[in-house]
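One structure is given below, encoded as structure tokens.
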Amino acid sequence: MAREVLLSLWLVAGATIAGGCHSDCARSLAVRDGRAYVASIETRSRDSRLDIEGYCQNDTTEDVVLRYELRAQKVGGSGTADSLQSGSIRVAGGQRALVSEVSLNASPADHWRIELKLYRGKELVGRDLVTCPEESESSAQRAEIESL
């Protein structure tokens, strides 16, 4: 599968998983550049769970129906997990809407890749990506996540 090129801004996200071990998540935010639809991912930790929410901001004045895919991939001591939620959502013009949400078991040793894609027809119109932790993924763990 060909890799997509993404202009991104990397920053430290505020997600903390199971006692503070995942404060070094990398966050890729799509540059607006006049984009009509902006995808965003928010994460929060709760006990030994990671709550993930995907959002769409419709910066046009017209309502739109978009297709979405929210994928959360994890590699950790307890094994691997790959969660995919997809469907369609109507987003009113000028509004932000919750597209999808999922809550998964999490531990400090887990490595995450969370991606939200928005499509209008077949065209990819919005994308956000969060990886945790940013630097500590080994080549083997990265390869295992990418093979899911």
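FYI, it's all coordinate maths here, none of it is from the lab. Because the structure is a prediction, the values reported are computed rather than measured. Positions of Cβ are backbone-derived with ideal geometry, glycine not excepted, and every protein chain shown enters the neighbour counts.
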Distance in nm between pseudo-label sites at E42 and T60 (7 Å out along the Cβ direction from Cα)
2.5 nm
The answer for S48, listing residues at least 5 apart or on another chain whose modeled amide H is closer than 5 Å to its amide H, is none
At R0 = 22 Å, FRET efficiency that the Cβ-Cβ distance of S78 and L98 yields, to 0.05:
0.20
